[in-house]
Amino acid sequence: MNWNWDVIVEYFPRLIDGVWVTLELIFLSGLFGLMLAVPLALMRASQSRWLRLLPFGYIFFFRGTPLLVQIFLIYYGASQFDAVRESVLWPILREPYWCAIIAFTLNTAAYSAELIRGAIQAIPKGELEAADAFGMSRWLKIRRIVLPRAFGIVLPAYGNELILMLKSSSLASTITLLDITGAARTIIARTYTPLEIFATAGVLYLTIAAIMIGCFRLLEMRLNRHQHYKMPTELSAVDPRLSD
Amino acid sequence: MKINKLMSAAALAALTAFGSTAAMAADKIRIATEGAYMPFNGMNEQGELIGFDVDIARALCAEMQAECEIVAQDWDGIIPGLMGRKYDAIIASMSITEERLRVVDFTDRYYSNVLAYVAPEGKDVDISKAGLEGKTIGAQRATIAGQYLEDNLADVANIKLYDTQDNAYLDLASGRLDVLLSDKFPAYDWLRTEDGKGFEFKGEDIDIDDKIAIAIRKGDPLKEKFNAAIKAIVEDGTYEEINARYFPFSIY
């Protein structure tokens, strides 16, 4: 095996261009996805049966079909219809970039909505009772108690979801986008050095994932700091056995 | 890297020695094709591989009196798969290029390819470099057409590369692409289908001295066997007969 460093050095700038596309994709769809997921989660956790059932079909579809199928349906599928091609949305839907963002947004929103619903339902009952005892209105309670508490609870799981999305974003390369994977495949098509280029791409994904994990760890430490228990040092002064 | 080179040369020699004895013992040739490049290779409703490449592969195997197994493999990974010994030859309308010659060997040609631009009928398309400025042009990734665009038009036009030729056609039909650059013969076939209605070739063909041949691993003795078989089927008229099934003109 000849490991070819030159090809990595020569094409590294093109892979870095891909890094920006990947980052844009996950940042924008993560943001839009979260904006969509919060109201959906509130509906899923609502007392009213109709509100609960409303987003069910959407979440069922997007959690139950492969992301690749969703991307193809939105990119190649929608463009088959004249109505779509003549609509005002065509300038957006004709761009692979926006099609990818739409697909990723809808996909991650479906997963995140269920995550957030779980978090909302995991809020200790006593805290909600306390809010009611204060006479908070429904929206005030949601704003001050439910969402901030749910946000803290959902963080570890949501960080996981974003990392999954980082990796799923490689599917954008199937609709001509030059994200990290797309750039890598285009380079390999020319150089026939899959090992070197895919290894480099893998390292780039790992680096992004490491940074994301670090950010979420920091955020968790900050937001959930009241939950971390540390044994007071005085206890071991009373009885050394307690420090074991 | 020098030691590595020496070691890999030794390993390669050992592998080829082993590989050829294994091939002789089994006497079964595994051939890869893509299966998404009609009329050269594709799948019918039963999921069987069909097309010009497949017919040629069968004719060559019959000529060599060898047992063959034809498998479908995605284009992107078709050369790595050959090098990884998943199969012994690629008969998938592959052009001989300098880059590919660095990693694989090629037999003599079994047809010659030219490139052509495709765009909607009636649309005035100037295929000179100045005329294509600012246009969105598509081609399949990892093909001669894709490479031609990257080498010649990357600075003036917006180039989009697709995983399969079918996806490129879809985007030409949806209007996302202004122009498509493609190997001429498969495009000729597509233009005659229902989907290809309303599109036509634009301008002159681009002759890029593009010879289509069978790829095998470097140093594989299969090369001579295939060369002899290609010569034989061209001479005895089998080739002409297969050619006529697909095109009214010779593509050799």
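Scanning segment A:16-73 for residues that are in contact (Cβ under 8 Å) with a residue 60 or more places away in the chain and not in a helix (DSSP H, G or I) gives a single hit, A:ALA45. Only one of these conditions is not met by A:THR108: (1) open to solvent by 30 Å² or more (accessible area, probe 1.4 Å); (2) of a type outside the set (A, V, I, L, M); (3) touching a residue at least 40 places away in the same chain (Cβ under 8 Å). Which number is it? Single failed check for A:THR108: (1).
Scanning segment B:194-252 for residues that are small (Gly, Ala, Ser), under 20 Å from the mean Cα position of the chain (by Cα) and part of a loop (DSSP other than H, G, I, E, B) yields a single hit, B:SER250.
Given the structure, is B:ARG176 touching a residue at least 24 places away in the same chain (Cβ under 8 Å) and not assigned by TED's automatic domain parsing to the domain that holds B:ARG58? For B:ARG176, the condition - touching a residue at least 24 places away in the same chain (Cβ under 8 Å) and not assigned by TED's automatic domain parsing to the domain that holds B:ARG58 - is met. Filtered by the rule that a residue be open to solvent by 60 Å² or more (accessible area, probe 1.4 Å) and modelled with pLDDT of 90 or more, segment B:103-129 gives B:ASP108, B:ARG109, B:GLU121. Only one entry in B:ALA154, B:ALA119 is free of Cβ contacts under 8 Å to residues at least 12 places away in the same chain, aliphatic (A, V, I, L, M) and not assigned by TED's automatic domain parsing to the domain that holds B:ALA215, namely B:ALA154.
The number of residues in segment B:137-154 that are open to solvent by 20 Å² or more (accessible area, probe 1.4 Å) and over 25 Å from B:ASP74 (Cβ atoms) comes to 1.
Restricting segment B:155-193 to residues that are in contact with a Leu (Cβ under 9 Å, 6 or more places away or on another chain), open to solvent by 20 Å² or more (accessible area, probe 1.4 Å) and not in a strand (DSSP E or B), the residue that is farthest from the other protein chains (Cβ to nearest Cβ) is B:LYS184. Selection over segment A:216-240 of residues that are open to solvent by less than 90 Å² (accessible area, probe 1.4 Å) and of a type in the set (Ser, Thr, Tyr) gives a count of 1.
Among the residues of segment B:27-44, those identified as surrounded by 24 or more Cβ atoms within 10 Å (Cβ to Cβ), part of a strand (DSSP E or B) and touching a Leu at 6+ places or on another chain (Cβ under 8 Å) are B:ALA32, B:THR33, B:ASN41.
Scanning for something polar (S, T, N, Q), touching a residue at least 60 places away in the same chain (Cβ under 8 Å), in a helix (DSSP H, G or I) and within 14 Å of another protein chain (Cβ to nearest Cβ), does segment A:189-209 turn up at least one residue? Within segment A:189-209, one or more residues are polar (S, T, N, Q), touching a residue at least 60 places away in the same chain (Cβ under 8 Å), in a helix (DSSP H, G or I) and within 14 Å of another protein chain (Cβ to nearest Cβ). Go through segment A:158-188 and count every residue that is of a type in the set (A, V, I, L, M, F, W, C) and either without any contact (Cβ under 8 Å) to a residue 24 or more places away in the chain or open to solvent by 40 Å² or more (accessible area, probe 1.4 Å) (or both). Selection size over segment A:158-188: 4. The set of residues in segment B:223-252 being open to solvent by less than 20 Å² (accessible area, probe 1.4 Å) and either at pLDDT 90 or above or under 27 Å from B:GLU98 (Cβ atoms) (or both) consists of B:PHE226, B:ALA229, B:ILE230, B:ILE233, B:TYR239, B:ILE242, B:ASN243, B:ILE251.
Restricting segment A:60-86 to residues that are away from chain B (no Cβ under 13 Å) and in contact with a Leu (Cβ under 8 Å, 6 or more places away or on another chain), the residue that is least open to solvent (accessible area, probe 1.4 Å) is A:GLN70. Scanning segment A:87-99 for residues that are without any contact (Cβ under 8 Å) to a residue 40 or more places away in the chain and either within 11 Å of another protein chain (Cβ to nearest Cβ) or open to solvent by less than 90 Å² (accessible area, probe 1.4 Å) (or both) turns up A:SER87, A:TRP90, A:PRO91, A:ILE92, A:LEU93, A:ARG94, A:GLU95.
Annotation note: Cβ proximity below 9 Å between a residue of segment B:207-222 that is touching a residue at least 12 places away in the same chain (Cβ under 8 Å) and farther than 16 Å from B:ILE144 by Cα and a residue that is basic (Lys, Arg) and open to solvent by 50 Å² or more (accessible area, probe 1.4 Å) (sequence gap 6+ or interchain) occurs for B:ILE216/B:LYS223; B:ARG217/B:ARG85.
Looking at A:ILE213, is it open to solvent by 30 Å² or more (accessible area, probe 1.4 Å), farther than 21 Å from A:VAL21 by Cα and β-branched (Val, Ile, Thr)? Taking the combined requirement at face value, the residue does not satisfy it.
Criterion first (open to solvent by 40 Å² or more (accessible area, probe 1.4 Å), aliphatic (A, V, I, L, M) and more than 20 Å from the chain's Cα centre (by Cα)) does A:LEU147 satisfy it? Considered against the rule, which asks whether it is open to solvent by 40 Å² or more (accessible area, probe 1.4 Å), aliphatic (A, V, I, L, M) and more than 20 Å from the chain's Cα centre (by Cα), A:LEU147 comes out as no.
The values are calculated or read from the model by the stated rules, or taken from the named source; none is laboratory data. All figures in this text were calculated on a predicted structure; none of them were measured in a lab. Don't worry about glycine lacking a Cβ; one is built from the backbone with ideal geometry, like all the others, and counts go over all protein chains shown. When the accessible area is computed, the model is the full protein with side chains, heavy atoms only, and any ligands, DNA or RNA have been set aside. Shrake-Rupley method; radii C 1.70, N 1.55, O 1.52, S 1.80 Å.
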